[in-house]
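Comments concern the structure below.
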Amino acid sequence: MPRRPRIDYADAVHHVMNRAVDGAELFPHPRERHFFLHLLAQIEERYGIQVLSYALMPNHFHLLVRSTNCQLSRALQWLQGTFASRINRRYGRQGALFGRRFRSRLVTSDAYFDHLVAYIHLNPKEAEKVDDPLWTSHVPVLAGEEWIHAVETLARFGGVAAFARHVREVQDGRTCPDFDADDLWTPAVLLWPAHIRSARASTRQRHGLSVRRKRKKRSGRRR
């Protein structure tokens with residue numbers, strides 16, 4: 001069965017995640033976390049993918065990113081492939097490190113975005129690593145680090161104190177009707193947003209009209 005095309009368009013915001021194969025450990029040593037973040041910091045310059053939030057868990061990761069030029073798949077292929085090659089080489093393993101294609105879900109509402117940022121930062125709360133930059137972007141965002149576009153994120157909430165308060169409220173049980181953490185790893189129904197569907201339909205209509213005109217013109221020349 002062919003793979004469904006991944007939906008991506010200019011300035012689309014995605015929740016990206018993936019797991020290691022068979023529950024393997026993605027980051028056996030802190031240096032591997034450093035290396036993954038080193039790669040992550042390069043993908044905007046390489047592929048136009050802006051990183052807005054991250055969580056690096058023992059056997060999976062979460063990313064909140066903005067795709068400025070529709071290069072999400074190429075960026076994740078490079079990120080995962082480069083990281084997997086390093087892990088395989090360093091630990092003498094072979095084969096795939098990740099069990100499947102990465103998951104990506106479009107973030108299409110402000111409420112979903114706001115809840116998702118907190119959810120990602122709170123992922124390692126049971127391990128008490130929320131404030132460890134090797135695990136999450138919580139501290140880098142609070143510190144206003146440029147590579148993770150922290151100023152933009154903080155501005156959405158009205159500053160550092162308001163953002164920290166929002167994360168605490170989500171931790172204390174604040175919910176978002178559109179967000180279901182238990183459903184994140186299930187295949188999503190792929191639907192282009194309405195404004196993108198409209199633009200694509202208009203483009204196809206113009207293309208079809210252009211093709212018909214060219215055919216009519218060639219037909220007239222043959223007479």
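Could you please find all residues in the range 38-78 being more than 14 Å from the chain's Cα centre (by Cα), among the hydrophobic types (A, V, I, L, M, F, W, C) and closer than 17 Å to Ile148 by Cβ? Listed by number, the list holds a single entry, Leu39.
With respect to the conditions (1) touching a residue at least 24 places away in the same chain (Cβ under 8 Å); (2) in the same structural domain as Glu146 (by TED's automatic domain parsing); (3) surrounded by 14 or more Cβ atoms within 10 Å (Cβ to Cβ), Gln42 falls short on a single one, namely (1).
Which of (1) more than 18 Å from Met57 (Cβ to Cβ); (2) surrounded by 14 or more Cβ atoms within 10 Å (Cβ to Cβ); (3) not polar (S, T, N, Q) is the odd one out, the single condition Arg103 does not satisfy? If we test Arg103 against (1) more than 18 Å from Met57 (Cβ to Cβ); (2) surrounded by 14 or more Cβ atoms within 10 Å (Cβ to Cβ); (3) not polar (S, T, N, Q), just (1) comes out false.
Go through the range 59-80 and give me each residue that's surrounded by fewer than 19 Cβ atoms within 10 Å (Cβ to Cβ) and out of contact with any Gly (no Cβ under 9 Å at 6 or more places or on another chain). Answer for the range 59-80, where residues must be surrounded by fewer than 19 Cβ atoms within 10 Å (Cβ to Cβ) and out of contact with any Gly (no Cβ under 9 Å at 6 or more places or on another chain): His60, Ser73, Arg74, Gln77, Trp78. Taking the numbered list (1) within 14 Å of Trp78 (Cβ to Cβ); (2) surrounded by fewer than 17 Cβ atoms within 10 Å (Cβ to Cβ); (3) touching a residue at least 40 places away in the same chain (Cβ under 8 Å) in turn, Asn18 passes all entries but (2). Applying the criterion of being out of contact with any Ser or Thr (no Cβ under 8 Å at 6 or more places or on another chain) and among the charged types (D, E, K, R) to the residues of the range 114-144, the residue that is modelled with the lowest pLDDT is Glu126.
The values are calculated or read from the model by the stated rules, or taken from the named source; none is laboratory data. The structure displayed is predicted, hence computed values, not measured ones. Backbone-built Cβ (ideal geometry, glycine too); neighbour counts: all protein chains shown.
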